[in-house]
Amino acid sequence: MPAPDRYTLYGTEFSLYTGKARAYLRYKGIPFREVLSTLSVYRRTIVPGTGVSMIPVVETPEGELIQDTTDIIDRLESRFPERPVYPDTPAQRLAALLLELYGDEWLLIPAMHYRWNFPAENRRFLFAEFGRVVLPRAPAPLRRLAGGRLARRFAGMLPGLGIDERTIPAIEQWYEGFLRDLDAHFAEHPYLFGGRASIGDFGLIAPLYAHLYRDPAPGRLMRRIAPHVAAWVERMNEPEPPIGDWLPDDAVPETLIPILRRQFDEQFPVLADTALRVSEWIAKQPGERIRRTIGTHAFRIGEAHGERAVMPYALWMAQRPLDYYHGLSHTARAAADDLLVRAGGEAAMAMPLPRRVARRENRLYPAGD
C-alpha cells in the first residue's frame, strides 16, 4: 500500500521518460519513493493498474496510477501549484510547450542512435542495466546475459525512428550542432527561461539524461563539447535544485532561437504529415483505438532524407502548443507571434489538424468518437 503522504515512482534509471518524471518530482519537492520496474513489478502492478506495459508510472497516496509523463506532470501541478513549471506569459509558455514536444519526440532520434549504435562502449553498461529489470537478484554475469536479450528488443526500434546508414552521419552532425547551440544557452542561463525550470526543461531532460548523459559513449561526447549542458543535466537531478524566477518581460533568450528554428525546420514537417496520415487512418477505421505506429513516411534530418514510422502520439503532443497558441487573446498572441517570427515558426502554428486525437485509459483514440 502507498504511504499516506508519499508518491511512488515506478521506473528505471536508464528509462528516458522516467528521468523526466523523477526530475519533476524532485524539483517540486514532492515526497516520493522510487521502485525499480522489474518484470515482476510490471506483471503485478503496472499492467493490471494501467492496461499498458510502459513506464514511468506514478502511484498517488490514494492508490491511483498515472501513466505518461505529461499526464503525470499536469495532474501533479494541480495538486502542487506552488512553483509552477508552466510560465504564465505567452511567449515563454509557447516556447516551453514547443521544447517539451521537441525533447519528448524528436530527441528520441539521437538518444536511440547513441545508445544502440556504439556497442563497444555501451554494451556492457546497458546489458547490466537491463539485467537488473529481468533478474535483479542474479549474479552479475547472469544479469548481463538476461539483460542483453531484453536490450536487443529495444535496439530493434531504430528503423522505425529513421535511424539507418543513410541518416546516421546527418544525425550525428545535427546532434552535435544542437548540443553546441544548447551549450551556448546554458552558458548564460541556469534553465531555459531564467532561474526556474519549465515544462520545456523537463521535456529536454528526458533524452539528455537517461540516454545521452548516462550512457558511456554519448556521455563522453556531451561532457567534451557541451559542458554547460552536462552541468544543467546535473542541476536538473539535484535532490534540492535551485529555484528562482522566470526572465522578466516574457523574454525568450536569443540563445534559444537556433534551437526553435531547428524544430520548426525538421520536426514540424513530420508532424504536419503525421496529422494527414492519422486523419486518413481514422477515416478508414472510425472509432477504433489508434495504433502506436500506422505505416511509414519520409522525413529529413540535416541534409539526409530517410523513412520512419508514422507515430500518432507525437500528434497528441503537438496539439498542446497548437491549442495554447490558438487559444490566446489578440493581445497575448502578438507576443507569441513576435517569437514565431524570430524563430521562423509562423507556418508551423498554422498547421492544419484534420482530425484530433485524445488519450483515454492510456491509449489514443480519435477525439470526439
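Out of (1) closer than 24 Å to residue 172 by Cβ; (2) outside any loop (DSSP other than H, G, I, E, B), the odd one out for residue 212 is which?
Just one mismatch for residue 212, condition (2).
Restricting the search to the range 149-159, which residues are assigned to a helix (DSSP H, G or I) and within 15 Å of residue 115 (Cα to Cα)? Working first, answer last.
Here is the first cut: in the range 149-159, the residues assigned to a helix (DSSP H, G or I) are 149-155, 159.
Answer for the range 149-159, where residues must be assigned to a helix (DSSP H, G or I) and within 15 Å of residue 115 (Cα to Cα): 150, 151, 152, 153, 154, 155, 159.
I'm trying to understand the selection: among the residues of the range 300-332, which are in a strand (DSSP E or B) and either within 14 Å of the chain's Cα centre (by Cα) or closer than 20 Å to residue 345 by Cβ (or both)? Please lay out each step first, then the result.
Step one: of the range 300-332, the residues in a strand (DSSP E or B) are 300-301, 304-309.
Selection gives 300, 301.
Here are the criteria: (1) part of a loop (DSSP other than H, G, I, E, B); (2) under 19 Å from residue 203 (Cα atoms); (3) open to solvent by 10 Å² or more (accessible area, probe 1.4 Å). Tell me which single one residue 30 does not satisfy.
Among (1) part of a loop (DSSP other than H, G, I, E, B); (2) under 19 Å from residue 203 (Cα atoms); (3) open to solvent by 10 Å² or more (accessible area, probe 1.4 Å), the lone unmet condition for residue 30 is (3).
Pick from 69, 89: which is hydroxyl-bearing (Ser, Thr, Tyr), closer than 29 Å to residue 30 by Cα, touching a residue at least 24 places away in the same chain (Cβ under 8 Å) and open to solvent by 30 Å² or more (accessible area, probe 1.4 Å)? Give the steps one after another, and end with the answer.
Values: 69 fails: open to solvent by 30 Å² or more (accessible area, probe 1.4 Å).
Only one candidate qualifies: 89.
Which one of these is under 29 Å from residue 88 (Cβ atoms) and either open to solvent by 10 Å² or more (accessible area, probe 1.4 Å) or of a type in the set (Lys, Arg) (or both): 207, 258? Please lay out each step first, then the result.
On the way: 207 fails: either open to solvent by 10 Å² or more (accessible area, probe 1.4 Å) or of a type in the set (Lys, Arg) (or both).
Going through 207, 258 in turn, just one is under 29 Å from residue 88 (Cβ atoms) and either open to solvent by 10 Å² or more (accessible area, probe 1.4 Å) or of a type in the set (Lys, Arg) (or both): 258.
Does residue 149 satisfy being open to solvent by 60 Å² or more (accessible area, probe 1.4 Å), modelled with pLDDT under 95 and either closer than 30 Å to residue 86 by Cβ or under 23 Å from the mean Cα position of the chain (by Cα) (or both)? Spell out how you get there, then give the answer.
Working: open to solvent by 60 Å² or more (accessible area, probe 1.4 Å): yes; modelled with pLDDT under 95: yes; either closer than 30 Å to residue 86 by Cβ or under 23 Å from the mean Cα position of the chain (by Cα) (or both): no.
No.
Which is under 19 Å from the mean Cα position of the chain (by Cα) and either open to solvent by 70 Å² or more (accessible area, probe 1.4 Å) or at positive phi (or both), of 249, 265? Show your work before the answer.
On the way: 249 fails: under 19 Å from the mean Cα position of the chain (by Cα).
Going through 249, 265 in turn, just one is under 19 Å from the mean Cα position of the chain (by Cα) and either open to solvent by 70 Å² or more (accessible area, probe 1.4 Å) or at positive phi (or both): 265.
Any residue at all in the range 121-132 that is acidic (Asp, Glu), buried (at least 17 other Cβ atoms within 10 Å of the Cβ) and out of contact with any His (no Cβ under 6 Å at 6 or more places or on another chain)? I'd like the intermediate steps shown before the answer.
Of all residues in the range 121-132, those acidic (Asp, Glu) come to 121, 129.
Those left that are additionally buried (at least 17 other Cβ atoms within 10 Å of the Cβ): 129.
Subsequent filtering for residues that are out of contact with any His (no Cβ under 6 Å at 6 or more places or on another chain) retains 129.
Taking every residue of the range 121-132 in turn, at least one turns out to be acidic (Asp, Glu), buried (at least 17 other Cβ atoms within 10 Å of the Cβ) and out of contact with any His (no Cβ under 6 Å at 6 or more places or on another chain).
Take residue 224 and tell me if it is part of a helix (DSSP H, G or I), modelled with pLDDT of 95 or more, open to solvent by 10 Å² or more (accessible area, probe 1.4 Å) and charged (D, E, K, R).
Values: part of a helix (DSSP H, G or I): yes; modelled with pLDDT of 95 or more: yes; open to solvent by 10 Å² or more (accessible area, probe 1.4 Å): yes; charged (D, E, K, R): yes.
Answer is yes for this residue.
Looking at the structure I just gave you, is residue 53 open to solvent by 50 Å² or more (accessible area, probe 1.4 Å) and among the hydroxyl-bearing types (Ser, Thr, Tyr)?
Working: open to solvent by 50 Å² or more (accessible area, probe 1.4 Å): yes; among the hydroxyl-bearing types (Ser, Thr, Tyr): yes.
So residue 53 passes the test.
Any idea which residue in the range 157-188 is modelled with the lowest pLDDT, counting only those that are touching a Phe, Trp or Tyr at 6+ places or on another chain (Cβ under 9 Å) and open to solvent by 30 Å² or more (accessible area, probe 1.4 Å)?
My answer is 157.
Would you please name the residue that is nearest to residue 179 (Cα to Cα), looking only at residues in the range 243-260 that are in contact with a Phe, Trp or Tyr (Cβ under 9 Å, 6 or more places away or on another chain) and not in a helix (DSSP H, G or I)?
Among them, the one singled out is 253.
Could you list all residues from the range 47-79 that are touching a Ser or Thr at 6+ places or on another chain (Cβ under 8 Å), outside any loop (DSSP other than H, G, I, E, B) and either closer than 18 Å to residue 210 by Cβ or among the polar types (S, T, N, Q) (or both)?
As a first pass, look at the range 47-79 and keep what is touching a Ser or Thr at 6+ places or on another chain (Cβ under 8 Å): 47, 55-59, 65-67.
The next check asks that each one be outside any loop (DSSP other than H, G, I, E, B); those that pass are 47, 57-59, 65-67.
Scanning the range 47-79 gives 57, 58, 67.
Residue pairs, Cβ under 9 Å, 6 or more apart or interchain, first in the range 166-186 and assigned to a loop (DSSP other than H, G, I, E, B), second at pLDDT below 95 and open to solvent by less than 50 Å² (accessible area, probe 1.4 Å). List them.
166/304; 167/301; 167/302; 167/304
Exactly one of (1) small (Gly, Ala, Ser); (2) at pLDDT 95 or above; (3) surrounded by fewer than 23 Cβ atoms within 10 Å (Cβ to Cβ) is unmet by residue 95. Its number?
Every listed condition holds for residue 95 apart from (3).
The values are calculated or read from the model by the stated rules, or taken from the named source; none is laboratory data. Owing to the predicted nature of the structure, the values given are computational and were not obtained by experimental measurement. Please note: Cβ atoms are built from the backbone with ideal geometry, for glycine as well, and neighbour counts cover all protein chains shown. Ligands, DNA and RNA are stripped out before the accessible areas are found, and what is left, the full protein with its side chains, is counted by its heavy atoms. Shrake-Rupley method; radii C 1.70, N 1.55, O 1.52, S 1.80 Å.
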